[in-house]
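Working notes, structure below.
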Protein chains: 2
Amino acid sequence: MTLEDDNTYMSLAMEEARSAMARNEVPIGALLVHKETGQIAAVSGNNTIRNSDPTAHAEINVIREVCRATGSQRIPDYHLYVTLEPCTMCAAAIAFARIPKLVFAGSDEKGGGVLHGAKFFDQPTCHHKIDIQHGIQNQEAAQILKDFFKSKRKT
Amino acid sequence: MTLEDDNTYMSLAMEEARSAMARNEVPIGALLVHKETGQIAAVSGNNTIRNSDPTAHAEINVIREVCRATGSQRIPDYHLYVTLEPCTMCAAAIAFARIPKLVFAGSDEKGGGVLHGAKFFDQPTCHHKIDIQHGIQNQEAAQILKDFFKSKRKT
């Protein structure tokens, strides 16, 4: 993927984040793309409230969708784009799904589990090797979160 | 709950673990029970292969079922029984679901995320307080895993 591709995919994930915010969900968006063809396989925002499902984070939603579509619990041919650093639950799900590359925008000191908290992929018990890139469109990611928490304070 | 209750619930979770093994899934079973009434709300084994879903661990299956049934992503009125130490993904899901008590049988040095690995609940970024008990029926739990890996070596 080129940097232009990365930006295109992340912009689509940002749209999902904004859609999630519009339905009062935590505004995070994710996208899975086939690593060879560049074809987008799934996009989703958080749906924990809509689905009454604490595991329905954007990342897990797209992982479930592509796994179901491919008939496998492992999807090593797909790259994941997320608008915010995944939490520990999602990091572990990414490892179970054998996703080889993760690109995320903003980092998350409080809830993140990749660069922060449990630092899941750095644990000696994690044997999944993953290419991680972050920082792309991080200002846009920060703005979305800022807008979300501002709207929360008003209600 | 009395120790007798704990044993009853764990035995039912063990049955789920054996059922999971019979369909070639990793043999782990889980059960959610209402903390006041003692009524069993959901039981499940691992279904990652059957559902083509890497997140379909026994714990997440019962959490999703009870959340859907109660219409909430938080289920603080339910206690969780699991035959093996939850992995990091499940530990995080337990925290998101606000489950106040976790009872598990065997511990899991390689895949566990509670006593081992990421030690999720011990992270300073985890603000969910949980009562954890373990060791009940741990010999039965160890035997099930032993039987499973023995059957795997034969195939």
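The values are calculated or read from the model by the stated rules, or taken from the named source; none is laboratory data. Since this is a predicted model, take the numbers as computed values, not measurements. Reconstructed Cβ throughout: ideal geometry from the backbone, glycine too, with neighbour counts over all protein chains shown. Heavy atoms of the whole protein, side chains included, go into the accessibility calculation; ligands, DNA and RNA do not. Shrake-Rupley method; radii C 1.70, N 1.55, O 1.52, S 1.80 Å.
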Between B:Glu65 and the same site in the other copies, what are the distances in nm, shortest first, taking label points 7 Å from Cα along the C-beta direction?
2.7
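Ordering B:Met14, A:Met21 from largest to smallest accessible area (1.4 angstrom probe), what's the sequence? Show your work: numbers first, answer last.
Numbers: B:Met14 5, A:Met21 35 Å².
If we order B:Met14, A:Met21 from most to least accessible, we get A:Met21, B:Met14.
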Got the A:Leu12 label distances to the other copies yet, label 7 Å along Cα→Cβ, in nm, shortest first?
4.4
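Check each of the trypsin sites (Lys or Arg not before Pro) in the range A:78-155 and keep only those in coil by DSSP with at most 14 other C-beta atoms within 10 angstrom; list them in order. Show your work: numbers first, answer last.
Details: sites: A:Arg98, A:Lys101, A:Lys110, A:Lys119, A:Lys129, A:Lys146, A:Lys150, A:Lys152, A:Arg153, A:Lys154; in loops: A:Arg98, A:Lys110, A:Lys119, A:Lys129.
Here the trypsin sites (Lys or Arg not before Pro) that fit, given the DSSP loop and packing criteria, are A:Lys110, A:Lys129.
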Taking the convex hull of the Cα atoms, report for the protein assembly as shown its projected area averaged over all directions, in nm².
15.8
Using unit Cβ charges (K, R positive; D, E negative) and no other charged atoms, how large, in debye to the nearest 20, is the dipole of the protein assembly as shown about its Cα centre?
140
Near the axis that takes chain A to chain B, which A residue has its beta carbon closest, and at how many Å?
A:Ala118, 2
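To the nearest 20 debye, what charge dipole does chain A have about its Cα centre, counting +1 at the Cβ of each Lys and Arg and -1 at the Cβ of each Asp and Glu?
On the way: 17 positive and 18 negative charges, 115 e Å.
Computed about the Cα centre, the dipole is about 560 debye.
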Calculated label separations, B:Gly135, copies of the chain, 7 Å along the beta-carbon direction, nm:
4.9
Place a point 7 Å from Cα of B:Asp131 in the direction of its Cβ. Which residues in the range B:77-98 have their backbone N less than 14 Å from it?
B:77-81
Can you tell which of A:Asn51, A:Phe121, A:Gln39 lies farthest toward the positive end of the dipole of the range A:10-155, using +1 and -1 charges on the Cβ of basic and acidic side chains (Lys, Arg; Asp, Glu)?
A:Asn51
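Return the percentage of antiparallel bridges among DSSP beta bridges fully within chain B, rounded to the nearest 5 %.
Working: 10 of 19 bridges.
Among the beta bridges of chain B, antiparallel pairing accounts for roughly 55 percent.
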Between A:His134 and residues 5 or more places away or on another chain, the pairs with built amide H atoms under 5 Å apart involve A:Phe104
With each pseudo-label sitting 7 Å past Cα toward Cβ, what's the A:Thr2-B:Met1 distance in nm, one decimal?
5.8
What is the interface area between chains A and B, defined as buried accessible area summed over both chains with a 1.4 Å probe, reported in Å² to the nearest 100?
2200
Other protein chain Cβ atoms within 10 Å, averaged over every residue that makes up B:109-116
2
Given N residues in chain A, what is Rg(Cα) / (2.2 N^0.38 Å)?
0.97
With r as the distance between the Cβ atoms of B:Lys119 and B:Arg18 and R0 = 22 Å, compute the FRET efficiency 1/(1 + (r/R0)^6) and round to 0.05.
0.15
Any GluC sites (Glu not before Pro) in the range B:5-85 that lie in a DSSP loop and have at most 11 other Cβ atoms within 10 Å would be B:Glu36
Ellipsoid equivalent to the range B:1-58 - semi-axes via the Cα gyration tensor, in Å
24, 12, 6
Accessible area of the protein assembly as shown divided out per residue, in Å², using a probe of 1.4 angstrom
46
Mean projection of the alpha-carbon convex hull of the range A:67-155 over all orientations, in nm²?
6.8
For A:Thr37 and B:Ile49, what does the FRET efficiency come to when R0 = 30 Å and r is the distance between their Cβ atoms, rounded to the nearest 0.05?
0.70
Calculated Rg and Dmax of the range B:19-110 using C-alpha coordinates, Å
12.4, 35
List for the range A:77-96: residues with 40 Å² or greater reduction in accessible area, all protein chains versus chain alone, probe 1.4 Å?
A:Thr88, A:Met89, A:Phe96
